[in-house]
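Enquirer: First, the structure itself, so that you have it in front of you.
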Amino acid sequence: MARHRLQDQERNRMNRSVGQQQIVRTSAMVRNYINLKIYKTSLLSLTGSLYLLVRKTLNLWQVITRSLIQPAIGNLPFSATDQLIWQHFAKVKPRSIRHRTQKDTGKSKGFAFLEFQNYDRMKTCLKLYHHSTFDDGESPPRKLNVELT
């Protein structure tokens, strides 16, 4: 029975005109081209989705790590200045200091945030400066609270 089917298919192929065979080949080529385009498009969209996912993950990681390496400094005297804070924390080399001051008077609000390049420096800062004495020369010396936010 299988042999009869093969013979029938072969006879049908032979009976087709050359034009019909060309149409069949062309339609097969078009079908393959369309499938290839669909594959490439889906691959590009998948690649784009993966790129966005990786980018969002990296952004999230930066937000997480940035918040982890920003200790807060509390109990600063109201007479503290940015320069005095930089001098006090010079050993651990902070990347930046965000010292909060009053808009109208420019006096300290009593707290600041330090930002570090890496985790090790932040850890060192916590060990060395938590409950350290801050003396600005104007007000009595105070013990600072250096903690993670």
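Each value in this text was obtained by applying a stated rule to the coordinates, not by laboratory testing. Computed from a predicted structure; not experimentally measured. Positions of Cβ are backbone-derived with ideal geometry, glycine not excepted, and every protein chain shown enters the neighbour counts.
Enquirer: Looking at region 93-131, which trypsin sites (Lys or Arg not before Pro) are DSSP coil and have at most 15 other C-beta atoms within 10 Å of their C-beta?
Expert: Arg95, Lys103, Lys107
Enquirer: State the extension gain, in nm to one decimal, for the chain segment bounded by Ser79 and Tyr119, taking 0.36 nm per residue of separation less the distance between their alpha-carbons.
Expert: 11.4 nm
Enquirer: Something else now. What shape does region 101-149 take by its C-alpha gyration tensor, where a ≥ b ≥ c are the square roots of the eigenvalues and a/c under 1.5 counts as rounded, a/b above b/c as prolate, and the rest as oblate?
Expert: oblate
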